[in-house]
Amino acid sequence: MKGPFMGRGDAEFAEFAAGCFHRLRRAAVLLTGDAGQAEDAAQAALVKTYAAWRRVRRQDPYAYTRRVMINHLKDQWRRPLKEDPYEQERIPERPAAADVADDVTRQQWLMAALGKLAARERAVVVLRHYFDLSEQQVAAELGVAVGTVKSLNSRALGKLRITLDPAEPVTNGVSL
Amino acid sequence: MTDLDTFRDELRGPADGRPPALDDIIGAGRRLRARRRFAGATVAAVVVAAVVSTVTWWPAQTPAPGGAWPAAAVDAEGSWGQAVSTGIRQDDREIVVTAFHNENPAYPDIKFGVRACAAAIDGKLGTCVNTFDDVPPDNSPGFHSIELPANVEYIDFPAYGYYVGPAETITATSRGRKVTAKLVPWSEDPNVVLFWFPLEQVYQKADKNDPAYQEGKVTKGQLPDLTGLTAQDAAGRTLPVGKPFIIG
């Protein structure tokens, strides 16, 4: 940080931004599949957080930034007929667990597989399993019912052929 | 380690990439903060301009709320059945609701969806917000997919959805108040009811009375809400709720 006007608040923000940027960008990559778009989304969220820094710094700035970024990206998946851009193929077979050399292959599979999910399913997967939010938190974040989150999560993991932990209850219905 | 644990590890992925461009972020943040400080001063002028524009643009013969949108002029890919007017206007657009053929390959079992579209005065449907069920069937009795209010491409869309059955009255609770939907039978099947809630009843703006909002927190208090959906027939009998699927 070499800005000439860096005050105490800026220093605090800079520390915060440096600490969460990679995690936000990674989440945006998982949500969009596009590294450039992800970096833009993470930076755009931090810009808005800076603008609101005095208001949010004593609360939960990370949650605020995450929410801003999700809203930024959500605007794109809400748009009609662009929600699931021409998903025609089946999700590829998941590579078997193997050595570290296969990490690249597994990441490639991950991005391809996420790209085949519907946008809402993808969002739930990222919020639930990457950000590790509870179903209630995901519901509040996306503005949907908890039953919707359960349904989308179940459907997405099913498509990804992820075997659920027995502790993960599955509900296929939708409730209010 | 379970399959899900492995998947979560994969989501975390490699820790790499360049650091944030802090100078750029803070510079842009300062400019944004400065613009926000002046935003309030321009709102009044924009509103006045919008009102003038609306009055001069819309002719008297446009359909009343619930009335058929001029079918001959409708031009919207995938729309299904008659678009109907909601009476909600912004600038040179009016929000109409109709159904559409859902051909989303991610939901092969869901063939029916409903949409709200910003219609131009010539009848063409512009920006649309689509909503459709997550789980089949899409034609079972009761509520189905319901979209909460949204601002898409600078246009406010109301909460809307569809009900399968002889509903004559649809009510719900939003922010503690009972709200009543406007509804109209779908042109292709009168047993399917399209409905929407006026923006004054189920609104998308932050609830400024919410304690969380007053504390400056970004929480569910800033989201539109819709609970307790109820449908009644002409005799006042309560109809099945079905599987309301609320998308926000």
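Worth pointing out:
- Scan of the stretch A:59-72 for residues that are modelled with pLDDT under 80 and either closer than 11 Å to A:Ala42 by Cα or β-branched (Val, Ile, Thr) (or both), ordered by number: A:His72
- Tally, over the stretch A:131-165, of residues that are closer than 15 Å to A:Ala113 by Cβ, at the interface with chain B (Cβ under 7 Å from one of its Cβ atoms) and either in contact with a strand residue (DSSP E or B) (Cβ under 7 Å, 6 or more places away or on another chain) or surrounded by fewer than 19 Cβ atoms within 10 Å (Cβ to Cβ) (or both): 1
- Residues in the stretch B:124-148 that are facing chain A (nearest Cβ under 10 Å) and assigned to a loop (DSSP other than H, G, I, E, B): B:Asp133, B:Asp134, B:Val135, B:Leu148.
- Scanning the stretch B:11-20 for residues that are surrounded by 16 or more Cβ atoms within 10 Å (Cβ to Cβ) and either more than 7 Å from chain A (Cβ to nearest Cβ) or at pLDDT below 85 (or both) yields a single hit, B:Gly13.
- Flag for A:Leu176 being of a type in the set (A, V, I, L, M), buried (at least 18 other Cβ atoms within 10 Å of the Cβ), at pLDDT 80 or above and outside any helix (DSSP H, G or I): no
- Some residue of the stretch B:172-189 being among the charged types (D, E, K, R) and either under 28 Å from A:Leu152 (Cα atoms) or modelled with pLDDT under 85 (or both): yes
- First in the stretch B:153-180 and free of Cβ contacts under 8 Å to residues at least 12 places away in the same chain, second anywhere and part of a strand (DSSP E or B) and surrounded by 14 or more Cβ atoms within 10 Å (Cβ to Cβ), Cβ under 7 Å, 6 or more apart: B:Lys178/B:Thr171
- Yes/no for B:Ala34 being modelled with pLDDT under 85 and among the small types (Gly, Ala, Ser): yes
To keep it simple, each residue is scored yes or no on (1) facing chain B (nearest Cβ under 9 Å); (2) under 21 Å from A:Arg122 (Cβ atoms).
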position	(1), (2)
A:Gly9	no, no
A:Thr32	no, yes
A:Ala41	no, yes
A:Ala51	yes, no
A:Val56	yes, no
A:Arg67	yes, yes
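- Taken over the stretch B:149-170, the criterion of being at pLDDT 85 or above and aromatic (Phe, Trp, Tyr) is satisfied by B:Phe157, B:Tyr160, B:Tyr162, B:Tyr163.
- Of all the criteria given as (1) more than 18 Å from the chain's Cα centre (by Cα); (2) at pLDDT 55 or above; (3) not in a helix (DSSP H, G or I), the one not satisfied by B:Ile25 is (3).
- Residue within the stretch A:1-10 that is at pLDDT below 90, in a helix (DSSP H, G or I) and of a type in the set (Lys, Arg) present: yes
The values are calculated or read from the model by the stated rules, or taken from the named source; none is laboratory data. Please read all numbers here as calculations on a predicted model, not as lab measurements. Quick reminder, even Gly has a Cβ in these numbers, built from the backbone with ideal geometry, and neighbours come from all protein chains shown.
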